[in-house]
Structure formats: C-alpha cells, structure tokens
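The values are calculated or read from the model by the stated rules, or taken from the named source; none is laboratory data. Just so you know, these numbers come straight off a predicted model, no measurement behind them. Ideal geometry is used to build each Cβ from the backbone, glycine not excepted, and the neighbour counts take in all protein chains shown.
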Amino acid sequence: QNWSMLIKKIKAQWIVFEWSADYFEFYSEHSLLYDYTDNSVELYFRNTSYNPEKLFVDVFTIDQTLFDGKRRFGTYLNTANGLYGLCKQSHGLFARGPQRVIEHYAKCLAKHGMETSIIMQNEQEFQIENGLVLLLVGESYFIGQDFIFTRLH
C-alpha cells in the first residue's frame with residue numbers, strides 16, 4: 001500500500017532516511033513539543049560544579065533521556081565558551097528554552113552544588129501554541145496541527 005501524508009501548520013520535522021517503521025505513534029504531550037507548548041525561560045547559576053566532567057555527562061544524559069537523540073545536544077545551552085567551558089564556569093547564563101527542560105537542568109546543577117535562578121522570558125517574544133501533535137515514524141518525527149493521510153491507488 002502507498003499513502004501520502006499532508007501536514008497542516010507544520011512546525012518542525014526530523015527526517016532520517018534510513019528508517020523503517022511498522023507503526024506510527026502520535027503524541028499530544030511529548031518533550032519534542034516543549035518548544036511550542038512551554039513557557040520560555042532562562043536558567044542562571046552561580047558557584048562552580050564540584051565535578052565539571054560529571055556535570056557535562058549529567059546534562060548530556062538529560063538531553064538523551066528527554067529527546068532520544070532527536071535534538072542536537074546543547075540546543076538550549078549557552079555554548080559561547082563551549083559546552084565543557086560552560087560546565088567549568090562559576091556564574092552566568094546556563095541555558096534558555098522550554099521551562100520543563102530548564103527545570104531538569106536546574107535540578108542537575110543543584111545536585112552539583114550550584115545555586116540556580118529561573119527567569120521567565122519576555123512574554124511578547126514567545127507564544128504558546130495549542131493543538132500541536134507529534135508524529136513519530138521510526139527515527140523520524142513531524143510536528144504539526146493536522147495530519148491528513150490519503151491512500152494512493
């Protein structure tokens with residue numbers, strides 16, 4: 001069988017051409033939707049991590065757990081001084097992004113003896129979008145509002 005898919009109001013896609021999937025998975029709640037469904041916040045910190053190497057690994061693990069490799073590591077991190085440089089700093093902006101992701105980073109920093117502060121970004125710069133759905137197909141994904149499938153003859 002051959003099918004076509006039309007996605008209305010598409011917001012994002014990640015296409016892996018070497019995939020095969022036996023099924024589709026639809027989600028209205030998923031970490032890949034947070035860019036569109038969460039408040040955008042900034043995470044500031046002070047104090048140096050007890051172990052910057054472990055902090056780096058822990059932050060990497062958070063990203064892998066939340067996004068399963070479907071989002072580039074460091075997307076939300078302040079990488080002006082490099083990722084490892086960020087983990088060695090004593091203060092500043094650590095990350096900017098969806099609140100639920102940033103809260104994971106904040107808990108991680110606290111475990112490393114760092115004080116954190118989460119600040120809401122300007123509301124005029126960000127608008128939460130309702131009705132978005134995530135479609136996972138193997139290693140690929142699509143985010144949009146309406147998915148229309150048509151069987152081809």
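Okay, here's what the table says:
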quantity	calculated
Residue in the stretch 123-141 that is within 18 Å of the chain's Cα centre (by Cα), modelled with pLDDT under 95, surrounded by 12 or more Cβ atoms within 10 Å (Cβ to Cβ) and small (Gly, Ala, Ser) present	yes
Cross-chain or 6+ apart pairs with Cβ under 7 Å, the stretch 133-147 first and assigned to a strand (DSSP E or B), then among the basic types (Lys, Arg)	141/70; 143/11; 144/8; 144/9; 144/11; 146/8; 146/9
Meets criteria (farther than 21 Å from residue 35 by Cα, touching a residue at least 12 places away in the same chain (Cβ under 8 Å) and polar (S, T, N, Q)) for residue 89	yes
Some residue of the stretch 115-126 being under 19 Å from residue 10 (Cα atoms) and either not in a loop (DSSP other than H, G, I, E, B) or not charged (D, E, K, R) (or both)	yes
Any hit, the stretch 48-67, residues being of a type in the set (Lys, Arg) and crowded, with 16+ Cβ neighbours inside 10 Å	no
Among residues of the stretch 20-65, those that are hydrophobic (A, V, I, L, M, F, W, C) and closer than 16 Å to residue 94 by Cβ, counted	9
Single residue of 55, 77 found to be in contact with a Cys (Cβ under 6 Å, 6 or more places away or on another chain) and over 14 Å from residue 134 (Cβ atoms)	55
Matching option when the condition is modelled with pLDDT of 95 or more and touching a strand residue (DSSP E or B) at 6+ places or on another chain (Cβ under 9 Å), among 55, 43, 6	43
Index of the failed condition, residue 94 passing every other in (1) without any contact (Cβ under 8 Å) to a residue 60 or more places away in the chain; (2) surrounded by fewer than 16 Cβ atoms within 10 Å (Cβ to Cβ); (3) within 19 Å of the chain's Cα centre (by Cα); (4) outside any helix (DSSP H, G or I)	(2)
Wholly enclosed helices (runs of 4 or more DSSP H) of the stretch 20-90 bearing at least 3 residues more than 28 Å from residue 139 (Cα to Cα)	52-67, 83-88
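A quick yes/no check of all residues on (1) within 27 Å of residue 108 (Cβ to Cβ); (2) exposed (fewer than 12 other Cβ atoms within 10 Å of the Cβ):
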{"position": "4", "(1), (2)": "no, yes"}
{"position": "22", "(1), (2)": "no, yes"}
{"position": "25", "(1), (2)": "no, no"}
{"position": "29", "(1), (2)": "yes, yes"}
{"position": "40", "(1), (2)": "yes, no"}
